[in-house]
Amino acid sequence: MEKGLVIKSLSNRYTVRTDNDEYICKPRGLFRKEGFKPLCGDRVIFEITDSSCKEGYIYSIEERKNLLIRPPVANIDTVVIVFSVNSPVWDELLVDLLVLACYSNDIEPVLCINKSDLASKEEIRNILYQYSKSGCRIVTTDAKHNNGLGDLKSLLTGKISVFAGQSGAGKSTLINSLTNTRIMQTGTLSDRIERGKNTTRHCELLSFDGGYIADTPGFSKFDPGLLQPDAIMSMYTDFNPYRKMCRFNDCKHINEKNCAVINAVEKGEIPIERHNRYKIIYNMSKEALKIRRGY
Ligand SMILES: Nc1nc2c(ncn2[C@@H]2O[C@H](COP(=O)(O)OP(=O)(O)O)[C@@H](O)[C@H]2O)c(=O)[nH]1
Ligand SMILES: [Mg+2]
Ligand SMILES: [Zn+2]
């Protein structure tokens with residue numbers, strides 16, 4: 001038996017990569033009946049049935065660290081959240097929501113401010129400041145003129161990454177540059193084409209420099225109702241140094257008296273933009289919870 005990584009899935013054929021080879025594998029019959037299919041990113045145990053044709057059977061899938069349904073990828077280490085300052089204007093709430101989506105799936109978010117050629121230094125500095133205490137790694141890139149790509153690449157080495165964010169922010173352009181291919185369609189309508197491709201459950205991990213990037217447009221939405229309000233609170237790491245100093249043990253840092261987090265915002269120690277977004281997302285999640293509970 002061999003061990004390998006599923007790097008491509010296409011109509012029930014899986015390309016499994018080992019240290020020095022690739023095999024086209026079918027899943028073992030029994031495990032298909034169990035309704036459990038391999039996904040790109042899965043680490044599998046397989047048997048080589050024909051070493052000259054490089055074919056085999058997948059026997060089992062190692063336990064997954066996480067998985068996304070759309071795009072269908074397992075064991076994601078990093079999601080690169082791509083946005084541009086003003087072309088399109090960045091959706092601030094979406095960026096925070098995607099960061100939360102990462103944390104709740106045990107994925108490391110990397111923020112990528114792309115199209116830096118179209119923004120002023122001041123605008124970029126402002127965004128860097130907003131996330132300076134978020135614990136997120138953040139890079140600035142200009143995919144069109146190949147600036148900052150080395151910084152981004154160094155954060156993705158040895159990892160399985162997915163790109164996410166607003167349409168038009170430059171995800172496909174970045175993936176093409178990093179992998180030195182033109183595999184992703186760029187420009188208007190391209191996301192729709194790539195989504196169409198994914199509905200047939202096509203997915204491929206593109207290898208580069210010891211890491212992999214999924215060739216999908218990634219996700220561009222996240223429903224805060226999927227998280228509990230208290231979970232959201234704990235994922236705003238900006239608040240960590242202050243939480244214990246709040247007057248109330250169960251302080252939600254929304255409008256309570258003697259809230260150390262709110263005091264820190266007033267003193268400029270926590271970026272007010274982050275706190276404002278926290279309040280909005282916390283309340284969205286609370287409303288969703290009320291609806292679920294029926295009151
Ligand atoms: N000026 C500039 N244009 C870019 C940059 N990155 C991507 N673009 C352009 O922005 C448009 C949308 O890019 P695309 O990669 O398709 O975005 P996606 O929808 O996020 O995949 C394309 O016309 C790209 O050529 C950049 O860093 N600077
Ligand atoms: Mg795209
Ligand atoms: Zn508080």
If you scan region 253-272, which residues turn out to be of a type outside the set (Val, Ile, Thr), in contact with a Lys or Arg (Cβ under 9 Å, 6 or more places away or on another chain) and in a loop (DSSP other than H, G, I, E, B)?
His253, Asn255, Glu256, Lys257, Asn258, Cys259, Glu269, Pro271
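The rows are residues; the columns are (1) farther than 21 Å from Tyr103 by Cα; (2) more than 16 Å from ligand 1 (Cβ to nearest atom); (3) hydroxyl-bearing (Ser, Thr, Tyr).
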| position | (1), (2), (3) |
| --- | --- |
| Ser220 | no, no, yes |
| Asp223 | no, yes, no |
| Pro229 | no, yes, no |
| Ile232 | no, yes, no |
| Phe248 | yes, yes, no |
| Asn258 | yes, yes, no |
| Tyr278 | no, yes, yes |
| Leu289 | no, yes, no |
Matching entry among Gly165, Gly158 (being at pLDDT below 95, more than 12 Å from ligand 2 (Cβ to nearest atom) and in the same structural domain as Tyr103 (by TED's automatic domain parsing))
Gly158
Residues to consider are Glu2, Glu55; find the one that is more than 24 Å from Asp215 (Cβ to Cβ) and not hydroxyl-bearing (Ser, Thr, Tyr).
Glu2
Search result, residues across region 229-245 that are within 23 Å of Asp91 (Cβ to Cβ) and more than 10 Å from ligand 3 (Cβ to nearest atom):
Pro229, Ala231, Ile232, Met235, Tyr236, Thr237, Asp238
Would you confirm whether or not region 154-168 contains a residue that is surrounded by fewer than 20 Cβ atoms within 10 Å (Cβ to Cβ), β-branched (Val, Ile, Thr) and under 21 Å from Phe222 (Cβ atoms)?
no
Report the residue count in region 209-251 for those that are within 30 Å of Ile291 (Cα to Cα), of a type in the set (Val, Ile, Thr) and buried (at least 20 other Cβ atoms within 10 Å of the Cβ).
1
Does at least one position in region 246-259 carry a residue that is more than 11 Å from ligand 3 (Cβ to nearest atom) and farther than 22 Å from Asp106 by Cβ?
no
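The values are calculated or read from the model by the stated rules, or taken from the named source; none is laboratory data. If you're wondering where the values come from, they're calculated on a predicted model, not measured in any experiment. Cβ sites come from the backbone with ideal geometry, for glycine too, and all protein chains shown count toward neighbours.
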